[in-house]
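The structure appears right after this line, and notes come after that.
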Amino acid sequence: MKNSILRSEFVLSLILVGLTLLFLNPCQKLWMPTMFMSMILLAFIVAFLLLAGVIWKETTGDEREQFHRQIAGRISFLVGTGLLVTGIIVQTLQHKLDPWLLIVLCGMVITKLIARLYKDSTN
């Protein structure tokens, strides 16, 4: 059971990353017309929702599994925020800061803070 959930999460993660990389195509006007891009966008949304469902329904058995899950979450959070901070620094130095970077970083940090406060208050 746990192996199939892990396999599903792994496969869905790879599909999501692959679809994300299609958005970076520099020759988008040549070989990715609007209709194809719409299909990629729809597949991207479906893959994300499936991955979110698998992660949300994930259950842990013992303390060791909970520890591994917490470490994976911490590493993911630190990598995500580190990449966003790097993007903010680079775009600020180029004088074209995308406000979405700031919104996503603030959303991640505030959500982590609220979740932590909620869990501390319920324990």
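The values are calculated or read from the model by the stated rules, or taken from the named source; none is laboratory data. All values reported here derive from a predicted model rather than from experimental measurement. With ligands, DNA and RNA removed, areas are computed over all heavy atoms of the protein, side chains included. Shrake-Rupley method; radii C 1.70, N 1.55, O 1.52, S 1.80 Å.
Does the chain come out rounded, prolate or oblate by the C-alpha gyration tensor, with a ≥ b ≥ c the root eigenvalues, rounded set by a/c under 1.5 and, if not, prolate when a/b is larger than b/c and oblate if not? All intermediate terms of the calculation are to be shown ahead of the outcome.
Numbers: a/c = 2.52, a/b = 1.29, b/c = 1.95.
Oblate shape, in that a/c is at least 1.5 and b/c is the bigger or equal ratio.
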The relative contact order of the chain, taking Cα pairs under 8 Å that sit 6 or more residues apart, comes to a percentage of 22
Counting only protein heavy atoms with a 1.4 Å probe and every protein chain in place, the carbon and sulfur fraction of the accessible surface of segment 72-115 in whole percent equals 78
Of Phe44, Phe67, ordered by accessible area with the largest first and a 1.4 Å probe, the sequence is Phe67, Phe44
Expected field for Ser4, accessible surface area in Å² at 1.4 Å probe radius, rounded to 10, holds 50
